[in-house]
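Some notes on the structure that comes next.
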Amino acid sequence: MSALSDNLVTFAILAYLVAMIGHAVEYALGNARTRVATAPPVRELVGAGGGVLPTPPAPVPSPPPADRSARQARLAGLVGVGATAVAAALHLAALVTRGLAADRMPWGNMYEFVLTVTFIGVAAWLVVLWKRPSLRKLGLFLTLVMVLLVATAELVLYVPIVPLVPALNSYWFIIHVSTIVFASGIFLFGVVPAVGFLMRSGYEQGKRSFPYILAKRLPGAAGLERLTFTLHAFAFPIFTFAVIAGAIWAEAAWGRPWGWDPKETWAFISWVVYAGYLHARATPSVKRNVATWIAVLGFLTVLMNLFGVNIFFTGLHSYGGLD
């Protein structure tokens, strides 16, 4: 089962790569302007007696290249969506087989945690895409994130299956880690429309330099900003519960609910930043791009907690599995 899980992760990365290429092709072709083909004016032949002679019908012009490009772009986008769905299925199968091989939930180290968080993110994307197909062009950025993070997990963070450390053998392991994983996955997805909004907003204001030019084919800035807020407003209460559950678990395991362990500290920092984002978003005097930058900062703190704390710090939460 362990070897099968490893192979499924590899196939999932390849499928995400195919999906990214499909979305990139749609992104490249999707700006073609559709031109309505019109037949040239028909000339009437006038006979010697003043009568109008019939003329043969004008040939029907072939579809303009822009029409073909638009169809090809849509097809490439659908291929990207299909490949993303296949990759997500392979991704889920890799997690299930990893858990079966380990005889536990697959959240025991940084490799497994990153795999689970990224799966939650792509699953949330597919649900949103099913309800709002107009957001399909965000798929290029989402699949890029998936390729980078899942490949990093496979190539850098991979560790063989080992039993859980004794401190994790508790029912709080499922309660706390499942909620923190779910919230982190939604935050992962939420940063994609957040960055998209910042670029698209600048593009709509007339900015044409990099990176704003990349937002030329993205949906409108207002829609991206609303999606960003919806995702963060949904994930924040779950993240709050996860932090509280962690404190309760710490009290049972270590005799204190909070000890400013590096991971606890960065979880608190993330909570404060995301709370600040929601507060700024609800304050009319704060500009939407300023609030969105706070959301992006929040995700950077999540990455710091996930990678930086496990790699560069030691503490009671050092379960990354890396040497």
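List of remarks:
- Near pairs, Cβ below 9 angstrom, 6+ apart or cross-chain, from segment 91-107 (under 21 Å from Val122 (Cβ atoms)) to any residue that is in a loop (DSSP other than H, G, I, E, B) and among the aromatic types (Phe, Trp, Tyr): Gly99/Trp107
- Residues (surrounded by 14 or more Cβ atoms within 10 Å (Cβ to Cβ) and part of a helix (DSSP H, G or I)) located in segment 149-164: Leu149, Val150, Ala151, Thr152, Ala153, Glu154
- Candidates are the residues of segment 260-285 that are in a loop (DSSP other than H, G, I, E, B) and open to solvent by 40 Å² or more (accessible area, probe 1.4 Å); the one that is modelled with the lowest pLDDT is Trp260.
- Subset of segment 245-275 (residues that are within 27 Å of Val192 (Cα to Cα) and β-branched (Val, Ile, Thr)): Thr265, Ile269, Val272, Val273
- Residues in segment 26-40 that are modelled with pLDDT of 55 or more and either in a loop (DSSP other than H, G, I, E, B) or open to solvent by 60 Å² or more (accessible area, probe 1.4 Å) (or both): Ala28, Gly30, Asn31.
- Among the criteria (1) at pLDDT below 90; (2) open to solvent by less than 10 Å² (accessible area, probe 1.4 Å), the one Ala167 does not fulfil is (2).
- Among the residues examined, Ile244 qualifies as part of a helix (DSSP H, G or I) and open to solvent by 70 Å² or more (accessible area, probe 1.4 Å).
- Yes/no for Trp172 being surrounded by fewer than 18 Cβ atoms within 10 Å (Cβ to Cβ), aromatic (Phe, Trp, Tyr) and out of contact with any helix residue (DSSP H, G or I) (no Cβ under 6 Å at 6 or more places or on another chain): no
- Filter pass, Ala291 being assigned to a helix (DSSP H, G or I), modelled with pLDDT under 90 and either among the β-branched types (Val, Ile, Thr) or open to solvent by less than 60 Å² (accessible area, probe 1.4 Å) (or both): no
- Among the residues of segment 201-225, the ones that are part of a helix (DSSP H, G or I) and either open to solvent by less than 30 Å² (accessible area, probe 1.4 Å) or within 15 Å of Val296 (Cα to Cα) (or both) come to 7 in all.
- Scanning segment 70-99 for residues that are charged (D, E, K, R) and open to solvent by less than 40 Å² (accessible area, probe 1.4 Å) yields one hit, Arg98.
- All of Ile248, Ile161 fail the test of being at pLDDT below 95, of a type outside the set (Phe, Trp, Tyr) and touching a Pro at 6+ places or on another chain (Cβ under 8 Å), apart from Ile248.
- The set of residues in segment 145-201 that are within 16 Å of Leu95 (Cβ to Cβ) and of a type in the set (D, E, K, R) contains only Glu154.
The values are calculated or read from the model by the stated rules, or taken from the named source; none is laboratory data. Since the structure is predicted, the reported quantities are computational estimates derived from the model, not experimental observations. Because the Cβ atoms are built from the backbone with ideal geometry, glycine has one as well, and the counts that use them run over all protein chains shown. Remember, those area values only see protein heavy atoms, side chains included, never the ligands or the DNA or RNA. Shrake-Rupley method; radii C 1.70, N 1.55, O 1.52, S 1.80 Å.
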